[in-house]
Amino acid sequence: MFDVYLQELLAWNKKFNLTAITKSEEIKIKHFEDSLALRQALRLTKQSVIDIGTGAGFPGIPLKIVCPEIKLTLLEATKKKTEFLKHIVSTLNLKGVDIVWGRAEDLAKDKRESFDLAVARAVANLNILSELCLPFVKVGGQFIAYKEDKVEAEVEVAANTIKTLGGELQEIKKVILPGSDIVRSLIIIKKVSPTPAKYPRRAGVANKNAL
Ligand code: SAH
């Protein structure tokens, strides 16, 4: 399944810009292994998972391939990327995957507090990202942000925002990607109380005026 994903990604990348990484070996580590790093922090079983700003399906699709029982929602604001997502989900015959074309700030109205887990990689800094992701998480669930090795300053800046939105920093888990010396930080945030109704603010506001 990963081979097919790789081939389709390369083929579509000739027409649309889906990923800046175009060497097969690099895709395997920086997209596939990296997406799977979450399993070193958390056991995935039957959770409902939303991947916010999934792009060409990262980290959501690799996680679904190895943990087929999760219920996965892939949210992506760019239409052409959702077309690739539909193509790859049907080609790989993945079941239980919803693909949503839209912005997190808009979808959060309908899907508030309805997921066990929200994940995001390379979408925004943690301060902004928390407002896009935490509203989707049920109380008792988690939000996990994929970040670079050195992330402590970014976490400190976001500390108040996380608290305001009903989150609590649980752990910064460092993971070395197999077959490389790349260190990844997974910021694990637990949802401890409901997000106040005024968040997220309307589309674009978090980016311009972070909490
Ligand atoms: N997660 C993928 C893609 C990262 S690029 C990866 O790691 O490879 C960031 C993606 O987030 C882009 O495809 C962009 O369209 C999407 N995005 C940015 N802001 C968004 C928002 N508010 N709601 C939904 N998608 C968003």
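The values are calculated or read from the model by the stated rules, or taken from the named source; none is laboratory data. From a predicted model like this one, the values you see are computed outputs, not experimental measurements. Please note: Cβ atoms are built from the backbone with ideal geometry, for glycine as well, and neighbour counts cover all protein chains shown.
Which of the residues that make up the stretch 137-195 are under 23 Å from G57 (Cα atoms), surrounded by 15 or more Cβ atoms within 10 Å (Cβ to Cβ) and free of Cβ contacts under 8 Å to residues at least 40 places away in the same chain?
The answer is S185, and nothing else.
State all residues of the stretch 74-118 that are in contact with a strand residue (DSSP E or B) (Cβ under 7 Å, 6 or more places away or on another chain), of a type outside the set (D, E) and in a loop (DSSP other than H, G, I, E, B); if no residue qualifies, say none. Break it down stepwise before answering.
The initial filter retains those residues of the stretch 74-118 that are in contact with a strand residue (DSSP E or B) (Cβ under 7 Å, 6 or more places away or on another chain), namely 74-76, 79, 82, 85-86, 89, 96-102, 104, 107, 113-118.
Still in the list and also of a type outside the set (D, E): 74-75, 79, 82, 85-86, 89, 96-97, 99-102, 104, 107, 114-115, 117-118.
Listed by number, the residues that qualify are G96, G102, S114.
Taking D34 as the residue in question, decide whether it is within 11 Å of the ligand (Cβ to nearest atom), out of contact with any helix residue (DSSP H, G or I) (no Cβ under 8 Å at 6 or more places or on another chain) and of a type in the set (D, E). Working first, answer last.
On the way: within 11 Å of the ligand (Cβ to nearest atom): yes; out of contact with any helix residue (DSSP H, G or I) (no Cβ under 8 Å at 6 or more places or on another chain): yes; of a type in the set (D, E): yes.
In short, yes.
Based on this model, can you work out whether E8 counts as within 16 Å of the ligand (Cβ to nearest atom), touching a residue at least 24 places away in the same chain (Cβ under 8 Å) and more than 13 Å from the chain's Cα centre (by Cα)?
yes
Just give me the residues in the stretch 46-73 being within 13 Å of the ligand (Cβ to nearest atom), of a type outside the set (G, A, S) and not in a strand (DSSP E or B), in sequence order.
If the condition is that a residue be within 13 Å of the ligand (Cβ to nearest atom), of a type outside the set (G, A, S) and not in a strand (DSSP E or B), then T54, F58, P59, I61, P62, L63 are the ones that fit.
Of the conditions (1) near the ligand (Cβ under 10 Å from one of its atoms); (2) farther than 19 Å from S193 by Cα; (3) in contact with a Leu (Cβ under 7 Å, 6 or more places away or on another chain), R103 clears all except one; give me its number.
Result: R103 passes all but (3).
Can you name the number of the only condition in (1) under 16 Å from H31 (Cα atoms); (2) part of a helix (DSSP H, G or I) that P178 fails?
Condition not satisfied by P178: (2).
Farther than 17 Å from F115 by Cβ and buried (at least 20 other Cβ atoms within 10 Å of the Cβ): does that describe R202?
Details: farther than 17 Å from F115 by Cβ: yes; buried (at least 20 other Cβ atoms within 10 Å of the Cβ): no.
Considered against the rule, which asks whether it is farther than 17 Å from F115 by Cβ and buried (at least 20 other Cβ atoms within 10 Å of the Cβ), R202 comes out as no.
Would you be able to say whether some residue in the stretch 38-54 is surrounded by 14 or more Cβ atoms within 10 Å (Cβ to Cβ), of a type in the set (A, V, I, L, M) and in contact with a Pro (Cβ under 9 Å, 6 or more places away or on another chain)?
Narrowing the stretch 38-54 to residues surrounded by 14 or more Cβ atoms within 10 Å (Cβ to Cβ): 38-42, 44, 47-54.
The next check asks that each one be of a type in the set (A, V, I, L, M); those that pass are 38, 41-42, 44, 49-50, 52.
Retained after the next criterion (residues that are in contact with a Pro (Cβ under 9 Å, 6 or more places away or on another chain)): 38.
Yes, the stretch 38-54 contains a residue that is surrounded by 14 or more Cβ atoms within 10 Å (Cβ to Cβ), of a type in the set (A, V, I, L, M) and in contact with a Pro (Cβ under 9 Å, 6 or more places away or on another chain).
Yes or no, residue by residue, for (1) at pLDDT 95 or above; (2) more than 23 Å from A77 (Cβ to Cβ); (3) touching a Phe, Trp or Tyr at 6+ places or on another chain (Cβ under 8 Å):
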| position | (1), (2), (3) |
| --- | --- |
| V175 | yes, yes, no |
| S180 | no, yes, no |
| R184 | yes, yes, yes |
| V192 | yes, yes, no |
| R201 | no, no, no |
| A210 | no, no, no |
